[in-house]
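The values are calculated or read from the model by the stated rules, or taken from the named source; none is laboratory data. The structure displayed is predicted, hence computed values, not measured ones. FYI the Cβ positions are ideal-geometry reconstructions off the backbone, even for glycines, and counts take in every protein chain you see. Calculation scope for accessible area: heavy atoms of the full protein, side chains included, ligands and nucleic acids excluded. Shrake-Rupley method; radii C 1.70, N 1.55, O 1.52, S 1.80 Å.
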Amino acid sequence: MTDWLKKTSLSMQNWYRRQRAAMLLLTPWFYWFLLFNLVLVQGISILYFSLTRSYPETLLAWLFLFFYSCGHFFSIVLILGAFWSLIVFMWPSLRLHRIALSFIFGFLIIILVIDALVYSQYRFHLNLLVLDMFFNAHGQVISFAWQSWVNMGALGLLIFGIEFFAAKIIAKHHTRFLGRNVGRRIFAFYFLSLVLAHGAHVAADAVFYAPITRMGMIFPFAVPAQAQSFLAAHGLVDVELYKKHNALKVSIAERQLNYPQKPIQCQLQGKKLNVLWVLVDALRADMLNDDVMPNAYALTKKSQFFTNHFSGSNTTRYGVFNMFYGLPGVYFDPALKARTSPVLMDEFQRQGYEFGIFGSAPLDKPEFDQTVFTKIPNLKIITAGEHDYARDQEITRSFNKFLDDRNPGKPFYGFLFYDACHGYGIDPTFKKKFYPLVSAVDYVSLNNEADPIPVKNSYKNSANFIDSLIGDVLKKLAEKHLEESTIILISSDHGQEFNDNHLNYWGHNSNFSEVQTHVPLLIYWPGRAPQKFDHRTIHYDLAPTFLQELFACQGDARDYSSGFDLFEKKSHPWLIMGRRDDFAIYRDNDIVVVKTNGDYEVLDHGYHPVPGAQLDGAAVLPALDELRRFY
């Protein structure tokens, strides 16, 4: 037994010596390869502010950004290096690590480049929600043109080629590189940059110096240091400023929704009107014209047409939520957790309506099957079809069949959600009207200098195609003699931008400017004289309008919504638009954009910062109350 232990101990010692010797030979290569990638990823960091033109406003902010980019990406490379150093000791093979680390850093750089491109257009980073939409929504929510895939594939090959070439060159010549002391000084500089940057952010956050704090989240995986509460507790910050800033914070923690605040009483008597809601994903307000959408536009001539109408968000999840619940998007998560159905849909069910719910994109991405339609029996979540235009055609056929098969003794609620505009889809056999156009939108190539006209024309052709399907639905209603007994609503979940403000914003879900939030709204209401309304309205107004005007519900609409009856002609003095992570207060002369941590920015309607603007807390307090009132 003793001999066996001695042999084992000796064997372990020999193994350790061999591993240590091999590791000592490998370490210089490993060290310089990490340094090469550190410089490379820091170079990519330039994309985050150059593509968005989100340049620092002051010299101090420029200095912060320089040290922050050095320190932040140093920490990312350092974490990868620290983890991999354990593997280096266990398997100190230069060939193995050249291949493995080339792949690892190649993937990291590809992710950073893609994230920078996403951030340049949408001003948010890759996250689990985006990845879920991409991988688990059957390609029907987020997709890319083939040109984008080709460009990304070529970019990936180039990056991997650079990594493998650098790994080989460093392995061959690392002994000729600068001495280790120089390398240590370089790493010391990056470490010092990390400390300085986070220290500067703590100081800026303590004195509410926005030019620095706004830059704190520009990079992915960023968690800039803060100590505001600690400093306030020790009297080291301006208490009044701290209270004012703290009042802007909106908690996204799990809270119970108090909705409706009081039970509502509805007293509808007599014949019940049918209701058809038609939503076109990403439809701008200026598309509802005789040139692009002649069928829908013709309907405005005998409808209530709201020309100054806004969505409550710039994205589908919250824009649709606003319409049915009459509430800001901050309440979506608690409604989802509790499976709370909107009061409006509850009343349709209580009144005995038959439901025909047809969505082109999946109704579980976002989770409308667990919120808006959570109580609808036999809800069809997925519509068959490889392309968005094919699914749009399918939901048109399905709704028309629903009209044929429904119980004529019951009123119906129909819901059509068209998706082709979102991806610029169109049936290849449909005659295109607007030229020049693009065969497919390559988002990777879009930038601030790109010509928006071909992209916008493709979008207009898609809207024109959807209008033809809406025309088919209107024709079917006429054939069934349902025109005079059916309320028809046409609107959208949000708008769509084509770099209108020359800030490199394309699409939606990236800002709260008018082009991303101004949407069409027409309501054909049998028995009402046609009228054009110019007062400012928002999606929150739809639920109280239908509950009061259709179902004669009594009581204060504020018990179940943040909106007004549209026909009361009350113009909102401000509009709350929002998502989970930020919101905006849209006012006559500016837009106040607020993050959930309380940081804010005052912008003009062209989305440019207003120089020297200070937030009037008393003026925005009523808007902030709406974000807490239903808890």
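Looking at VAL237, VAL202, VAL250, just one residue is modelled with pLDDT under 90, surrounded by 15 or more Cβ atoms within 10 Å (Cβ to Cβ) and part of a helix (DSSP H, G or I), and that residue is VAL202.
Can you tell me which residues in region 514-540 are of a type in the set (Ser, Thr, Tyr) and surrounded by fewer than 23 Cβ atoms within 10 Å (Cβ to Cβ)? Once the filter is applied, which keeps residues that are of a type in the set (Ser, Thr, Tyr) and surrounded by fewer than 23 Cβ atoms within 10 Å (Cβ to Cβ), region 514-540 yields only TYR524.
Taking the residues in region 569-588 that are more than 13 Å from PHE310 (Cβ to Cβ) and in contact with a helix residue (DSSP H, G or I) (Cβ under 9 Å, 6 or more places away or on another chain) as candidates, determine which candidate is surrounded by the fewest Cβ atoms within 10 Å (Cβ to Cβ). So, considering only residues that are more than 13 Å from PHE310 (Cβ to Cβ) and in contact with a helix residue (DSSP H, G or I) (Cβ under 9 Å, 6 or more places away or on another chain), the one surrounded by the fewest Cβ atoms within 10 Å (Cβ to Cβ) is PRO573. Any residue in region 491-513 that is open to solvent by less than 10 Å² (accessible area, probe 1.4 Å), at pLDDT 95 or above and within 17 Å of PHE399 (Cα to Cα)? Within region 491-513, none of the residues are open to solvent by less than 10 Å² (accessible area, probe 1.4 Å), at pLDDT 95 or above and within 17 Å of PHE399 (Cα to Cα).
Residue count for region 370-399, restricted to those that are crowded, with 18+ Cβ neighbours inside 10 Å and more than 30 Å from ALA335 (Cα to Cα): 3. Return a yes/no flag: does region 415-425 have any residue that is under 25 Å from LYS456 (Cα atoms), without any contact (Cβ under 8 Å) to a residue 12 or more places away in the chain and among the charged types (D, E, K, R). No, region 415-425 contains no residue that is under 25 Å from LYS456 (Cα atoms), without any contact (Cβ under 8 Å) to a residue 12 or more places away in the chain and among the charged types (D, E, K, R). Among the residues of region 282-297, what is the count of those that are open to solvent by 10 Å² or more (accessible area, probe 1.4 Å) and within 19 Å of the chain's Cα centre (by Cα)? Qualifying residue count, region 282-297: 1. Among residues of region 547-576 that are at positive phi, those with a beta-carbon under 8 Å from a residue that is assigned to a loop (DSSP other than H, G, I, E, B) at least six positions away or on a different chain give the pairs ALA552/GLN267; ALA552/LEU268; ALA552/GLN269; GLY555/LYS262; GLY555/ILE264; LYS569/HIS535. I'm told TYR418 meets every condition in (1) modelled with pLDDT of 95 or more; (2) over 22 Å from ASN322 (Cα atoms) except one. Can you identify the failing condition by its number? Going through (1) modelled with pLDDT of 95 or more; (2) over 22 Å from ASN322 (Cα atoms) one by one, TYR418 breaks only (2). The selection criterion, being more than 26 Å from PHE546 (Cα to Cα) and either open to solvent by 40 Å² or more (accessible area, probe 1.4 Å) or in contact with a Lys or Arg (Cβ under 9 Å, 6 or more places away or on another chain) (or both), holds for LYS456. For LYS262, state whether it is open to solvent by 70 Å² or more (accessible area, probe 1.4 Å), more than 25 Å from the chain's Cα centre (by Cα) and at pLDDT 60 or above. Considered against the rule, which asks whether it is open to solvent by 70 Å² or more (accessible area, probe 1.4 Å), more than 25 Å from the chain's Cα centre (by Cα) and at pLDDT 60 or above, LYS262 comes out as yes. Being part of a loop (DSSP other than H, G, I, E, B) and out of contact with any Ser or Thr (no Cβ under 9 Å at 6 or more places or on another chain) is the requirement here; does PRO436 meet it? Considered against the rule, which asks whether it is part of a loop (DSSP other than H, G, I, E, B) and out of contact with any Ser or Thr (no Cβ under 9 Å at 6 or more places or on another chain), PRO436 comes out as yes. Pairs linking a residue in region 270-283 that is under 21 Å from SER398 (Cβ atoms) and at pLDDT 95 or above to a residue that is surrounded by fewer than 20 Cβ atoms within 10 Å (Cβ to Cβ) and among the small types (Gly, Ala, Ser), with Cβ atoms under 6 Å and 6 or more positions apart or on different chains, are ASN274/SER485. Close contacts from region 167-195, counting a first residue that is β-branched (Val, Ile, Thr) and a second that is at pLDDT below 75, with Cβ to Cβ under 6 Å and a gap of 6+ residues or different chains, come to ILE170/TRP29. If you check ALA543, ALA613 for being open to solvent by 10 Å² or more (accessible area, probe 1.4 Å) and of a type in the set (Gly, Ala, Ser), only one passes: ALA613. When restricted to residues that are part of a loop (DSSP other than H, G, I, E, B), touching a residue at least 40 places away in the same chain (Cβ under 8 Å) and more than 23 Å from the chain's Cα centre (by Cα), region 356-413 contains 4.
Selection over region 288-323 of residues that are among the β-branched types (Val, Ile, Thr) and in contact with a Lys or Arg (Cβ under 7 Å, 6 or more places away or on another chain) gives a count of 3. Can you work out which of the residues in region 337-355 that are more than 20 Å from THR316 (Cβ to Cβ), part of a loop (DSSP other than H, G, I, E, B) and not polar (S, T, N, Q) is least open to solvent (accessible area, probe 1.4 Å)? Residue satisfying both the conditions and the ranking: TYR353.
Might you let me know whether region 445-453 holds any residue that is crowded, with 21+ Cβ neighbours inside 10 Å and modelled with pLDDT of 95 or more? Checked region 445-453: no residue is crowded, with 21+ Cβ neighbours inside 10 Å and modelled with pLDDT of 95 or more.
Restricted to region 317-336, and to residues there that are hydroxyl-bearing (Ser, Thr, Tyr) and at pLDDT 95 or above, the residue that is least open to solvent (accessible area, probe 1.4 Å) is TYR325.
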